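Everything on this sheet refers to the single structure shown next.
Where a number appears in this text, it was derived from the coordinates with a stated rule and is not lab data. Bear in mind the structure is a predicted one, so any value in this text is a computation, not a measurement. We place every Cβ from the backbone using ideal geometry, glycine too, and count neighbours over all the protein chains shown.
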Amino acid sequence: MEETLQNEDIEQDRRSLPPSPRSASSIRSLVRSIVSHRVGRSPSAGWEILQPYEVMKAVEEKDIIFLMEIRDKAFPLLLQSSGGETPLVHAIRTGNKDVAIVLLGAFSRWINYLEDADIQKPQTQSYLKTLRVGLKLAINEGLAKSQSDLIASFMQTLVMSEGDKWVYSQASTVSRALNAGTEGKPVRVAGDAVRRFATKELGKADLIASLEDYVANATADLLMFGAWANALQTIKGAPMPSYYFARDDRVYKAFTERLDAHKADIKRSCSRRLKWQLQVLRDGLEGRSITYRVCPHQLV
């Protein structure tokens with residue numbers, strides 16, 4: 001029973017990750033990693049004084065079950081450096097890709113489960129800061145090792161860890177670009193914001209398909225955030241939830257629901273340019289998938 005629950009827990013963490021292409025061989029490798037560690041182990045001196053080297057040893061041995069126990073009982077240790085490396089960076093550097101995916105899933109799950117009240121706590125902010133730094137290092141290391149299918153997942157987790165502040169700040173910048181029309185180059189402004197956010201090294205990844213897919217979707221989401229923010233200058237309505245950002249098609253659904261709910265107000269109160277932009281975004285992004293890579297060219 002315990003083994004079944006642990007395997008289900010691992011599957012839930014895997015589902016917490018943003019979609020990333022997986023080969024048949026990598027899936028088989030992950031299954032072997034799980035099966036080969038059926039019996040969990042305990043830290044040598046108890047959970048209260050678990051040592052960072054024990055976490056690194058679990059990474060090297062691909063002891064996924066033990067890492068999941070650390071997640072539940074001593075989560076901060078998954079963020080702590082040992083020998084100048086975090087467990088995530090160490091997993092990538094040593095080629096333990098399956099462990100890196102499990103760790104990323106654990107981080108994503110932790111962020112998803114944060115309550116609004118918890119985000120403002122100093123301890124939580126400290127963890128988020130450490131997580132952001134570690135993920136940026138992991139992005140650089142992943143690029144160096146050409147493990148490109150993890151980059152989009154790293155990007156999304158970085159955005160999730162940043163919270164409301166970054167999303168709404170960039171949406172405000174994009175809204176001003178939209179107000180300037182095509183001269184404001186809103187698509188470029190939104191795309192540049194996403195690229196700058198992760199790390200200065202991200203420019204080396206221009207040809208990585210999974211990264212370009214993520215950047216395109218995040219760019220489109222920022223455009224919808226910005227356009228709706230402009231609409232709220234003249235009509236009354238609910239803002240776009242920041243936690244929808246770059247998570248499948250949630251932003252588009254929320255965007256179109258708001259357009260439908262406030263159709264009359266938009267027609268009566270919004271400028272001709274804004275009404276055109278809202279319609280272009282609605283039509284241009286309809287039916288997009290998580291790999292949609294083209295923003296409406298009319299807005300460029």
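A few notes on this one:
- Stokes-Einstein diffusion for the stretch 53-95 at 10 °C, viscosity 1.306 mPa s, with a Kirkwood radius from C-alpha pairs, works out to 156 µm²/s.
- Linear extension gain, Asp248 paired with Arg176, 0.36 nm per residue minus alpha-carbon span: 23.4 nm
- Where a label projected 7 Å from the Cα of Asp265 along Cα→Cβ would reach, residues of the stretch 229-249 with amide N under 11 Å: 231-239
- Taking a ≥ b ≥ c as the square roots of the eigenvalues of the Cα gyration tensor, the stretch 59-175 is classed as oblate, since a/c reaches at least 1.5 and a/b does not exceed b/c.
- Local charge for Thr124 was computed over the other residues whose Cβ lies under 12 Å away, with Lys and Arg +1 and Asp and Glu -1, and equals -1.
- Mean Cβ neighbour count within 10 Å, used as a protection proxy, ranking 98-108, 230-240 highest first: 98-108, 230-240
- Charge sum, other residues only, whose C-beta stays under 14 Å from Arg268's C-beta, Lys/Arg counted +1 and Asp/Glu -1: +4
- Listed residue pairs exceeding 18 Å between alpha carbons, taken from Lys236/Lys267; Lys129/Lys165; Lys165/Lys253; Lys121/Lys165; Lys62/Lys136: Lys165/Lys253; Lys62/Lys136
- Applying a DSSP loop filter and a limit of 10 other Cβ atoms within 10 Å to the trypsin sites (Lys or Arg not before Pro) in the stretch 86-178 leaves nothing.
- Length added when fully stretched, Ile119-Ser169, from 0.36 nm per residue minus Cα-Cα: 16.2 nm
- Summary of packing: across the peptides 62-74, 262-274, the per-residue average of other C-beta atoms within 10 Å ranks them, highest first, as 62-74, 262-274.
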